[in-house]
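Structure, as structure tokens:
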Amino acid sequence: MEVDNKVYAGNRDEWRNWLELNGETEKYCWLVLPRKQGEFTYIDAVEEALCFGWIDSTKKGMDEKYMAQRFSHRVPKSNWTELNKERARRMRKLGLMTQHGESVLPNLEMEFEIFTDILATIEQDAVLAENFAKLPDLYVRIKLDNIQSVVKDRALFDKRLATFFEKTRKGELYGKWNDDGRLVDY
């Protein structure tokens, strides 16, 4: 896949301005970002893209200093991760979601459902159940969505689930799940 239609945005406002001007006419773009996260981060870019009904996909390295992240229109009724749903809720609450962004949103009020076999396993292990009950709701939704989304790849599903159970038994939170605190209290 060729890295063409490059966009160089030095900050969040420049990226939002590009989306405002081009979001309805361009089919995709490659946003060039520094590898070393600075003031304008990957999360900033994703949040703004969601506001305009766009989504990130492929990431490619350009050189030692820069990478390119592909963004394109989100297809209506496409699958949404729990992480991106929460990002969209935040953008909506902050008043940043555009009309087009709203038009491709899934039902954000629908409750996340945990597979019954996962719940059964948790309930059968007292330590796991006790620690699971203490986990933040957002963490549970994001982690279990990441696991449940790969159910067709049984090896990957089992590996992710085993890690989740292992960390939960130890009372540990792991991985990136709240966008460095942005999604915890907004």
Scanning the stretch 123-153 for residues that are more than 20 Å from the chain's Cα centre (by Cα) and aliphatic (A, V, I, L, M) gives Ala126, Val127, Leu128, Ala129, Ala133
Among residues of the stretch 59-102, those that are modelled with pLDDT of 95 or more and on the phi > 0 side of the Ramachandran plot, counted:
1
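Please specify each residue of the stretch 24-38 satisfying the condition of being surrounded by fewer than 20 Cβ atoms within 10 Å (Cβ to Cβ) and either in a strand (DSSP E or B) or in contact (Cβ under 8 Å) with a residue 60 or more places away in the chain (or both).
Within the stretch 24-38, Glu24, Tyr28, Val32, Pro34 meet the criteria.
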Is it the case that the stretch 110-121 has a residue that's at pLDDT 95 or above and under 16 Å from the mean Cα position of the chain (by Cα)?
yes
Restricting the first residue to the stretch 152-163 and requiring it to be under 19 Å from Leu119 (Cβ atoms), which pairs with a second residue that is surrounded by 14 or more Cβ atoms within 10 Å (Cβ to Cβ) and at pLDDT 95 or above meet a Cβ separation below 6 Å and a spacing of at least six or different chains?
Phe157/Val150; Arg160/Ile147; Leu161/Ile147
Does Asp117 qualify as being loosely packed, with under 13 Cβ neighbours inside 10 Å, over 30 Å from Asp44 (Cβ atoms) and among the acidic types (Asp, Glu)?
yes
Is it fair to say Gln99 is more than 14 Å from the chain's Cα centre (by Cα), surrounded by fewer than 16 Cβ atoms within 10 Å (Cβ to Cβ) and in the same structural domain as Phe52 (by TED's automatic domain parsing)?
yes
Select from the stretch 164-179 the residues that are free of Cβ contacts under 8 Å to residues at least 40 places away in the same chain and more than 19 Å from the chain's Cα centre (by Cα) and list them in ascending order.
Glu166, Lys167, Lys170, Glu172
Can you tell me which of Tyr139, Tyr174 is of a type in the set (Ser, Thr, Tyr) and under 20 Å from Arg90 (Cα atoms)?
Tyr139
Go through (1) at pLDDT 95 or above; (2) of a type in the set (Phe, Trp, Tyr); (3) within 30 Å of Gln148 (Cα to Cα) for Trp18 and report which single condition fails.
(3)
Scan the stretch 143-186 residue by residue and report those that are within 20 Å of Glu130 (Cβ to Cβ), aromatic (Phe, Trp, Tyr) and crowded, with 16+ Cβ neighbours inside 10 Å.
Phe164, Phe165
For Asp56, which of the numbered conditions (1) at positive phi; (2) surrounded by 11 or more Cβ atoms within 10 Å (Cβ to Cβ) fails to hold?
(1)
Across (1) without any contact (Cβ under 8 Å) to a residue 60 or more places away in the chain; (2) surrounded by 11 or more Cβ atoms within 10 Å (Cβ to Cβ); (3) closer than 23 Å to Ser57 by Cα, Pro136 clears everything bar (3)
Checking the conditions here, which among Thr81, Thr41 is under 24 Å from Leu144 (Cβ atoms), surrounded by fewer than 20 Cβ atoms within 10 Å (Cβ to Cβ) and of a type in the set (S, T, N, Q)?
Thr81
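The values are calculated or read from the model by the stated rules, or taken from the named source; none is laboratory data. Bear in mind the structure is a predicted one, so any value in this text is a computation, not a measurement. Cβ coordinates were reconstructed from backbone atoms using ideal geometry, including for glycine residues, and neighbour counts include every protein chain displayed.
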